[in-house]
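Right, one structure below, let's go through it.
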Amino acid sequence: MKYVCITDIHSYLDQAIGALKELEKETGMQLMQGEQWSSEHKLILNGDMFDRGPQNRETLEWALENADVYNIGNHEFFAMFPDIVNEFMSEAYFENHGEEGLYWKNMDEEVRHRLLEAVAEGKITAAFKGPEYIYSHSGSDEGPDVEVLNRKLRDVGEKLLEAHEEMMAGDEEAFERAQRELMHIVETDNGRELEGCPELFDVTRDSEGRTSTGGIVWNRFYNLDTEVPQVVGHTMGIYMVNEGFDWNPQWRGEVLNINTIRDYVRGDSPVAITVEDRTEIDVFLLRPKK
């Protein structure tokens, strides 16, 4: 059995499926039946399935139906805590993203409910331990405690799901109340930060006001300082270049960032997919049709 990982699809579903089909051709592995995953090998989706591209709902539904492992990203967090995030993000963030880029904000409540159900049932997880590498959206210096984080995420999901059901039944403030009981916005010299679920969703900012470190959905790849073998996404190539790195995919010690689908759509780098078995991990650079 092999573990195939792709991350940060961001609703570019056609390109993601195209990359998986290219991987199938290149490796000879049987992976896809049409547009559906159909394989003895495990598909790991490492967070941020929606926002940014043109196929938001389709990508989320595809992820929920096809992933063997679906790890949460910061955009799934946005959809779970929309009222908190609406206050947390800057005005510039909202000005710079159109309706497609703010799917978490405009999501149909029935779809949001399905997402919360998946978290509460453990179908969306915080992290996954492969044969050697740990998979999570943005990684951690200590290396994620997979069992603990997954249990904490389920607990959060259960609380939010119950409150969302109360909201849909008529208590209009129940869901927002639950969000605020779990997460808090604090003002610091570096700007707004989040507290409440430290290993999962907390975030700090650097002296320039940029999100920097925190929970497993927020860490920046170039800030990680660890030799724990991990496969992550989250940090887009343009931010890597601004910090003096090359484009993704990029190694730093034993940590690999493969966040490249948006970079590929922009024309900057190919799509990267990892394949891990019990002896090694391979990185495949693929160029599906755009």
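Which angle between 0 and 90 degrees, to the nearest 10, do you get for helix 109-120 versus the longest principal axis of the chain when only C-alpha atoms count? Compared with the principal axis, the helix lies near 70 degrees.
Based on the Cβ-Cβ distance from S90 to T226, what FRET efficiency comes out when R0 is 25 Å, to the nearest 0.05? Calculated value: 0.30.
Note on E254 and K25: with the Förster distance fixed at 45 Å, the Cβ-Cβ geometry gives a FRET efficiency of about 0.95. Placing dummy labels 7 Å off each Cα toward the beta-carbon, the span from E173 to R210 is 4.0 nm.
Pairs of Cα atoms nearer than 8 Å and 6+ residues apart set the relative contact order; for the chain it is 19 percent.
If you sort the three axes of the alpha carbon gyration tensor as a ≥ b ≥ c, you get a/c of 1.5 or more for region 78-237 and a/b no higher than b/c, which makes it oblate. Considering only G214, N248, Q230, and ranking their Cα positions along the charge dipole of region 132-260 that arises from unit charges at the beta-carbon of Lys, Arg, Asp and Glu, the one farthest toward the positive end is N248. Note on C197, C5: ascending count of other Cβ atoms within 10 Å places them as C197, C5, the fewest first. Within the shell defined by Cβ-Cβ distances under 12 Å, the residues around E280 carry a net charge of -2, with Lys and Arg each +1 and Asp and Glu each -1.
Here the chain is assigned +1 on the Cβ of each Lys and Arg and -1 on the Cβ of each Asp and Glu. Its dipole about the Cα centre then comes out at about 940 debye.
Applying 0.36 nm per residue to the separation of E65 and K289 and subtracting their alpha-carbon distance, the gain on full extension is 78.3 nm.
Label-to-label distance for E35 and D246 is 3.4 nm, based on points extended 7 Å past Cα in the beta-carbon direction.
Principal-axis analysis of the Cα atoms of the chain puts helix 56-66 at an angle of about 60° to the longest axis. For the pair region 102-146 and region 21-46, the centres of their Cα atoms are 21 angstrom apart.
No value in this document is a laboratory result; all are computed from the given coordinates. In this text the structure is predicted, and so the values were computed from the model without any measurement. Cβ: placed from backbone, ideal geometry, glycine included. Neighbour counts: every protein chain shown.
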